[in-house]
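Reviewing the structure listed below.
The values are calculated or read from the model by the stated rules, or taken from the named source; none is laboratory data. A quick note: this is a predicted structure, and the numbers were derived from the prediction, not measured. Note that we place each Cβ from the backbone using ideal geometry, even for glycine, and neighbour counts take in every protein chain shown.
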């Protein structure tokens, strides 16, 4: 039996005010950086090379904070949670409410067939790559039929992408920045099935300790804002991402006693 959070330390559940501000502001700081780079690129075209790097950072920031919001892990109230899901979804032209519905189902039901988010773990890596373009659409469709109370949010969030595409086309004569961002956001989301589902859960077992894995290191976990601690997250989803590394350290004796070996990465 896994140790309780009271035994591991109640401090793992705390999120200070400034930590919350940093987590909530990262995606918008990234957006501001993208705008500044695109503006400066009109004079120094080589700066366009930085745009994909910034968008990658926005992806990581949005996925991390939305993950914490979905699990009510950083201290937001009910209204703030709904607004945060909507706003952070808009940053990447996705549906935050569809993500909440499918991700909580993933935690309840993985690896069963009624877990739509977990489906890429049951197919090959190549199939997961080709599944990318339809992944979010299928999750939205599932959420629309499963989370009826969120249908208003879901419809509003579904409108974001076509509106952004039209805006990008209309603004193209003045700047390519908007349409370029839309393309990078859409294409970037195609890696979700492979990177966030298939690879963490590939060759999963039947027990809670073998359903996913944990990656330890200095560079990769830092780049992905500790989301590589996927096993720790599945065991204790109420722990916010900024405490996952410490949670991992405190779980090391438990993992060692049960034959769990974290994978080492740079």
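Values computed for the structure shown
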{"item": "Scope the stretch 105-150; condition touching a residue at least 24 places away in the same chain (Cβ under 8 Å), farther than 19 Å from residue 210 by Cα and not in a helix (DSSP H, G or I); matching residues", "result": "116, 147"}
{"item": "Residue within the stretch 206-213 that is outside any helix (DSSP H, G or I), surrounded by 18 or more Cβ atoms within 10 Å (Cβ to Cβ) and in contact with a strand residue (DSSP E or B) (Cβ under 7 Å, 6 or more places away or on another chain) present", "result": "yes"}
{"item": "Residue satisfying all of: in the stretch 151-166; free of Cβ contacts under 8 Å to residues at least 60 places away in the same chain and either over 18 Å from the mean Cα position of the chain (by Cα) or part of a loop (DSSP other than H, G, I, E, B) (or both); farthest from residue 114 (Cα to Cα) among these", "result": "166"}
{"item": "Helices (runs of 4 or more DSSP H) within the stretch 1-89 that include 3 or more residues in contact with a helix residue (DSSP H, G or I) (Cβ under 9 Å, 6 or more places away or on another chain) and either buried (at least 19 other Cβ atoms within 10 Å of the Cβ) or at pLDDT 95 or above (or both)", "result": "17-41, 51-70"}
{"item": "All positions within the stretch 167-182 that are touching a helix residue (DSSP H, G or I) at 6+ places or on another chain (Cβ under 8 Å), in a helix (DSSP H, G or I) and without any contact (Cβ under 8 Å) to a residue 24 or more places away in the chain", "result": "167, 168, 169, 171, 178, 179"}
{"item": "Those residues of the stretch 128-145 which are surrounded by 14 or more Cβ atoms within 10 Å (Cβ to Cβ) and more than 21 Å from residue 184 (Cβ to Cβ), in sequence order", "result": "138, 141, 142, 143, 144"}
{"item": "Residue among 201, 230, 242 that is closer than 20 Å to residue 3 by Cβ and in contact with a helix residue (DSSP H, G or I) (Cβ under 8 Å, 6 or more places away or on another chain)", "result": "230"}
{"item": "Lone unmet requirement of (1) at pLDDT 95 or above; (2) buried (at least 20 other Cβ atoms within 10 Å of the Cβ); (3) farther than 24 Å from residue 9 by Cβ for residue 240", "result": "(3)"}
{"item": "Unmet criterion (only one of (1) out of contact with any helix residue (DSSP H, G or I) (no Cβ under 9 Å at 6 or more places or on another chain); (2) closer than 30 Å to residue 211 by Cβ) for residue 163", "result": "(2)"}
{"item": "Answer from 187, 220, 191, 197 - the residue that is under 24 Å from residue 139 (Cβ atoms), under 16 Å from the mean Cα position of the chain (by Cα), surrounded by fewer than 19 Cβ atoms within 10 Å (Cβ to Cβ) and touching a residue at least 40 places away in the same chain (Cβ under 8 Å)", "result": "191"}
{"item": "Residue count for the stretch 232-266, restricted to those that are in a helix (DSSP H, G or I) and within 15 Å of the chain's Cα centre (by Cα)", "result": "5"}
{"item": "Residue match in the stretch 126-144 (condition: at pLDDT 95 or above and within 17 Å of residue 227 (Cβ to Cβ))", "result": "no"}
